[in-house]
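Have a look at the structure below, then the notes.
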Amino acid sequence: MSNYIESLPSIAPELALTVLLCAVLVVDLLLKGRDSRKVGYLTLGGLAVIGWLLVGQWSDLGATGAQKRVFGMIEIDRFGTFFKLFTVGSLAIVALFVLLDRRERRHGIGEYFLLLLGAGLGIFFMVSTSNLLLLMLGLELLSLASYALAGFHKGDKRSAEAAMKYVVFGGLSAGIMLYGISLLYGMTGTIDLAAMASGPNSLAAQFQISPVPVAVAIVLVLAGFAYKVSVVPFHFWTPDVYEGAPTPVTTFLAVGSKAAGFGALLRFTGKLFLVDGADASIQQYGARIGMLLAILAAVTMTLGNLAALRQSSLKRMLAYSSIAHAGYVLVGLATMESSGWSAAMFYLAAYYFMNLGAFGFVLYFESVTGSDDIASLRGLGAKALWVTVPMVVFLISLTGIPPTVGFTGKYLLFIAGVEHGYAWLAVVMALNSVVSLFYYLRIAKALFFAEPVERAMPKQTTLAGSIAALAVFTVIFGLYITPLQEWVKAGVSSLRLSIG
Amino acid sequence: MQEHILSWITFLPLAGMALILCVPKTNTGLIKAISLVATGLPLVLATWLYFGLFQKSVAGPQFVQQLDWIHSIGAQYYVGIDGLSLALVWLTTLLLFIAVPASFGIDKSQKAYYALLLLLEVGIIGVFVSLDYFLFYVYWEVMLLPMYFLIGIWGGPRREYAAIKFFLYTLAGSVLMLVAIVALRLQSGSFSIPYLTELASAGAMDGSKLPGGGALLGMGFQTWIFWFLFIGFAIKVPVFPFHTWLPDAHVQAPTPISVILAGILLKLGGYGMLRACFPLVPDAFRANAYVLGILGVISIVYGAYVALGQTDFKRMVAYSSVSHMGYVLLGVAALTDMGMKGAALQMFNHGTSAAVLFLVVGVIYDRAHHRDLNGFGGISQVMPKYWALTTWGFFAALGLPTQAGFVSEAMTLMGAYQAQDTRFQVLVVISLIGIVLTAAFLLWAMQRVFLGTLNAKYKDYGDMSGREVFCQVPFLALCLILGIFPFLLTDWMDSSIKLLVGTLSKAA
């Protein structure tokens, strides 16, 4: 019991998030759903406190890659803290978007924040556990909250359809993943990744007896992750859900939820195949998983980009673009080396700035034109330069053109790919950038090349300001990447992988 | 100031752009004034650098600034200038300075226009002064976006198509470049272009000079690096068969942007080959020099032949650029002192003569609002000043003796004829066809536009305004001065070019 209580400070951010969640629920009840903005402000304030706790945790952990294990299933390390900070950062922006969404009701939307925080709590556990059961619980918490969020506009047919599709796909892939986990448990008798990697009943031993069940189990679990980060062929839900869900929710799915999927996937593969002390044969097996990921990466980015070429809806296009970007991140994962993994995490950080900005742009113009059609943007470029010029920055960053963080991110992935035997994949990625330029520039073209049209623009200073700020960061981190790089390196090294 | 002069020249336009963004968009007078100052100051500094500070006898880079930039990937802020880049930097500052008054006729979103123009200048000068390949690549890409918008917003009717085609072509080329840059970096551990050149010329083929040991550039590796970089730059030049973006971009771009495109942006391709491609992979270059020579000759003849068939004035001039830039490739491929010097001169001289030609087209287009060569006639009667300047410009472009184009074309051809590889003599003979065709299309165009009976529609046209004359005269003067005193360029280039030829022709 005393051990239990001593461990509690290690999960202070999780506890704080839980308290915040309950507070949001109670305050919303007390307000009787009248002024939901207050709930929003409470959420933002609470997230700031959690962010502060996480920063404290980050520095407490120290640069040496210290690691604490609490309750036998949660690992407190800089890797997890990185993803938690990422989550808090994206939740804050998404909550801000909800508050600033002019098409959203002002009252009775307290659950919005509650669900977002619930999803956040799911992510917190997902990215820091080495226990498959807790991983599954975190994933389900995230998923359930996301289903409800996707269908938040109950009256809107598209929103309801999005939620329905999401539930069906999500339920299916959760089932697949759970089946994979049950196979792993059946073979090794444990649900702890560390015990699976070494130990007498290790996966390596099972692998020597018969490789097929191991392969089946691993592939099934990977399928669950692939669904979360929308990797081909588990991407079918993405465009419909992204299009139908309210824009702030889409933003959360594209940024927060995707990064969480990658965080959990990195820890899963790291702990199972690459961690210090793992069996040599299982490490070799990891390299083969890398090959599988590389093929998935190539297919995912190519399909995502090709499909995006034909979209007329901005949100659908960004959905396919987010699929393509999942492919880019996989390039880093596939290397199965720490430099590649840091590159993948760096790219996620880059993705944070440019994609949040791009969705902010969508939110802004949806309130102006009432649609997310690219054609509806025609001639509006000069009307809101504080939003459209940043959008150009996000677009070139998404394409991977300097001087933006998207370029440095892609460059690091590229180098990592070439260095670790995936030169062909790096070239596929480079060619994909050229393809993606075409559809990203369609937005710029619609905004600026068409004849300017007269249209009243509602004043949205805070939203425009936050979009512009994200653009500034996109450029700054494109020219000065050292801090970001230090953070992701510290994150990867705290996983204590056996690789260089 | 003196030791940082390159950074000043590069970033003054950026400061100008920042200032412009703070000016209300209705105050167009102030915006134009700022643009003039922000392009004029670099011109003054570049002139000072050219005639005052630069040491002609030094072959290597001067005014070097080397700072750590992104330590973890080894990128540096590493700039410097030598005889090869000096003239082009000066030409850039001049062209951009002239481009500002040449743009006074544009009245659509002027604030954005001048801001983008200044950003473009930053990118161009940045490429010319970069000695770090990462920095070079960043500047190279920074150029694309302003150019895309300048064509796409202020261009002609098919501007959207032309702008995206320009961007996609160039990006495809730069992606190939990036692949090669990364490969070079991983093999050698450095982005420094002088260091990579040194490695190559020190015969690092056996890998003896590498920090980590091992073979650096096997011939197979060199060859594909060479082609990736070459195609990246050849798209920019453009060399046949990568030229198809050029006519569209040129025709749709507004006049001042065409001037910059032909005058400077094409030179970036040629300069890139000389600075950042051939010296890094000299063996692959020598092995493929003849192929490059052939591509050069095809560009010369084919460009001129297609120009002959154009009815659109601007399209004709655009194809003439393909033809003229072919000499650069031929001269370089010959690998002689004379050919190389001719190629470097030709880059500069085409910068001035192409600028004149596009300005000439702009003058008549602003009045007639069409560019159909067959739709004019007898213009010389109403616009005598225009006729005089155009004639001068055409003669400069077709390489009449006393004009700069004559010197540089003659030098490239003579240089190519002297090449060790005697097959180049055949290429020289074939390229003579191009000279005849160039004379033919220019003189025929002159006849159709200026001579014959005056079309009644045009009888009220006013002659060139003072502003229009002011834009053309500096370039025409340069054509004449450098035609008579080519040493004003060659003296500055000599030592750098000797070094370059030495690097390239050294046997492995």
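The values are calculated or read from the model by the stated rules, or taken from the named source; none is laboratory data. The structure presented is a predicted model; accordingly, all values stated were derived computationally and were not measured. Neighbour counts run over all protein chains shown; Cβ positions are idealised from the backbone, glycine included. All accessible areas refer to the heavy atoms of the entire protein, side chains included, with ligands and DNA or RNA removed. Shrake-Rupley method; radii C 1.70, N 1.55, O 1.52, S 1.80 Å.
In table form, for the structure just shown:
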quantity	calculated
Radius of gyration, Dmax [the protein assembly as shown; alpha carbons; angstrom]	31.0, 107
Net length gained if the chain between A:Glu486 and A:Thr369 were fully extended (0.36 nm per residue, minus Cα distance)	37.9 nm
Relative contact order (%) - the range A:2-493, alpha-carbon pairs under 8 angstrom, separation at least six	14 percent
By accessible area with a 1.4 Å probe, ligands and nucleic acids excluded, highest first: order of B:Lys56, B:Lys457, A:Lys315	B:Lys457, B:Lys56, A:Lys315
Relative contact order [Cα under 8 Å, 6+ residues apart], the range B:281-500, whole percent	29 percent
HN-Hα J in Hz across the range A:323-331 - Karplus 6.51, -1.76, 1.60, θ = phi - 60°, x for Gly and Pro	5, 4, 5, 4, x, 4, 4, 4, 4
Exposure ranking of B:Thr47, B:Thr390 by accessible area [1.4 Å probe, largest first]	B:Thr47, B:Thr390
Three-way shape call for the range A:1-129 based on the alpha-carbon gyration tensor, with the a/c threshold at 1.5	prolate
Exposure ranking of B:Glu468, B:Glu3, A:Glu140 by accessible area [1.4 Å probe, largest first]	B:Glu3, A:Glu140, B:Glu468
Extension gain from B:Tyr461 to B:Gln420, taking 0.36 nm per residue of separation minus the Cα-Cα distance	9.3 nm
The protein assembly as shown - charge dipole about Cα centre, Lys and Arg +1 at Cβ, Asp and Glu -1, debye rounded to 20	1760 debye
Of B:Leu488, A:Leu380, A:Leu114, farthest towards positive along the dipole that unit charges on Lys, Arg, Asp, Glu beta carbons give the protein assembly as shown	A:Leu380
Residue (of B:Leu432, B:Gly415, B:Ala307) at the positive-pole extreme of the range B:297-447, dipole from beta-carbon charges	B:Ala307
Area accessible to solvent at B:Val469, 1.4 Å probe radius, in Å²	40 Å²
Phi to ³J(HN,Hα) by Karplus 6.51 cos²θ - 1.76 cosθ + 1.60 over the range B:345-353, Hz, x for Gly, Pro	4, 4, 4, 5, 5, 5, x, 7, 6
Crossing angle, helix A:78-100 versus chain A [Cα axis fit, 0-90 degrees, rounded to tens]	20 degrees
Under 5 Å, built H, 5+ apart or other chain: amide partners of A:Ile109	A:Ser36
Label-point gap, in nm, between B:Thr402 and A:Leu137 - each point 7 angstrom along Cα→Cβ	9.4 nm
Inter-label distance, nm, simple model (7 Å from Cα along the C-beta direction), B:Leu432/A:Arg34	9.8 nm
Members of A:Lys228/A:Lys315; B:Lys32/B:Lys314; B:Lys236/B:Lys385; A:Lys315/A:Lys445; B:Lys56/B:Lys236 lying beyond 24 Å, as alpha-carbon distances in this model show	B:Lys32/B:Lys314; B:Lys236/B:Lys385; B:Lys56/B:Lys236
Rounded if a/c under 1.5, otherwise prolate or oblate - the range B:281-500, Cα gyration tensor axes	prolate
Nitroxide proxy distance, nm - points 7 Å out along Cα→Cβ at B:Tyr77 and B:Val37	2.3 nm
For A:Tyr480, solvent-accessible area (1.4 Å; no DNA, RNA or ligand), Å²	120 Å²
For B:Ser192, residues with placed amide H under 5 Å, excluding near neighbours	B:Tyr133
For the range A:267-411, alpha-carbon Rg and Dmax in angstrom	18.3, 61
Debye log10 I(q)/I(0) at q = 0.05, 0.06, 0.13 Å⁻¹ for chain A, Cα point scatterers	-0.17, -0.25, -1.25
In Hz, Karplus ³J(HN,Hα) per residue of the range B:272-283 (6.51, -1.76, 1.60; θ = phi - 60°; x = Gly, Pro)	x, 4, 6, 8, 10, 10, 4, x, 7, 10, x, 5
Dipole magnitude of the range A:2-493 about its Cα centre (Cβ charges: Lys, Arg +1; Asp, Glu -1), debye to nearest 20	1100 debye
Total charge dipole magnitude, chain B, about the Cα centre, Cβ charges on Lys, Arg, Asp, Glu only, Debye to nearest 20	840 debye
Long-range HN-HN contacts of A:Arg69 with modeled amide H, under 5 Å	A:Ile76
Given charges at Cβ of Lys, Arg, Asp, Glu: the range A:182-333 dipole, positive-most of A:Ala215, A:Tyr185, A:Leu296	A:Leu296
Rounded to 10°, Cα long-axis angle of helix B:5-22 versus longest principal axis of chain B	50 degrees
Cβ-based net charge around A:Lys165, under 12 Å, with every Lys or Arg adding one and every Asp or Glu removing one	-2
Solvent accessible area, Å² - A:Glu6, 1.4 Å probe, full protein context	130 Å²
Neighbour cut-off at most 16 other Cβ (10 Å), DSSP loop, chymotrypsin sites (Phe, Trp or Tyr not before Pro), the range A:20-124	A:Phe71
Inter-chain Cβ neighbour average for residues B:168-174, partner chain, 10 Å	4
Set of lysines with alpha-carbon distance to A:Lys68 below 19 Å, sequence-local pairs under 8 removed	A:Lys84, A:Lys271, A:Lys489
Rule-of-thumb Rg ratio for chain B [Cα; 2.2 N^0.38 Å; N residues]	0.94
